[in-house]
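Comments concern the structure below.
The values are calculated or read from the model by the stated rules, or taken from the named source; none is laboratory data. Quick caveat, the model's predicted, so the values are computed rather than measured. Don't worry about glycine lacking a Cβ; one is built from the backbone with ideal geometry, like all the others, and counts go over all protein chains shown.
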Amino acid sequence: MALLKQYSSWQRVGYCLAAIFYVASGSLHFVKPELYLKIVPPYVPWHQFVVRVSGMLEILGGLGLIVSLTRRAAAWGLIALLIAVFPANLYMATNPVEAGAASIDPVLRWIRLPLQLLLILWLYWCTKPRLVFR
């Protein structure tokens, strides 16, 4: 009897959707960098560099979710990235004028904070294989 690691159909759908989400989101860092530049807190140096690197990491992480050999590492990398960019979301919620988010409803600005946790849980769930005995 062999012990196999297997993903459920829902998990496969979940990590494919996550891959699309992160590749698209990361691409926006290059297509519309001004959206991201505004929400980088002022105490973070090298805003353009940070936006480009975070975009590149999102794209690489999204692509890594597709490849079975890199899926778990990519998920953990994206989880680390979500934690690292949390201050930008907090800055946007607490400084909407400076972050260019004054026109966004306050509820939507603040909902991004718990959404980060949901995105982390999504990545964790999608890449946690089930053990199957065959």
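Odds and ends about this structure:
- Residue match in region 13-22 (condition: within 17 Å of the chain's Cα centre (by Cα), crowded, with 19+ Cβ neighbours inside 10 Å, at pLDDT 95 or above and hydrophobic (A, V, I, L, M, F, W, C)): yes
- Pairs with Cβ under 7 Å, 6+ apart, first in region 114-134 and over 13 Å from Ala19 (Cα atoms), second assigned to a loop (DSSP other than H, G, I, E, B) and modelled with pLDDT of 80 or more: Arg130/Ser8
- Every listed requirement among (1) outside any loop (DSSP other than H, G, I, E, B); (2) under 21 Å from Leu117 (Cα atoms) is met by Val50 save one, (2).
- Yes/no for Leu78 being under 21 Å from Pro129 (Cβ atoms), surrounded by 13 or more Cβ atoms within 10 Å (Cβ to Cβ), in contact with a helix residue (DSSP H, G or I) (Cβ under 9 Å, 6 or more places away or on another chain) and without any contact (Cβ under 8 Å) to a residue 12 or more places away in the chain: no
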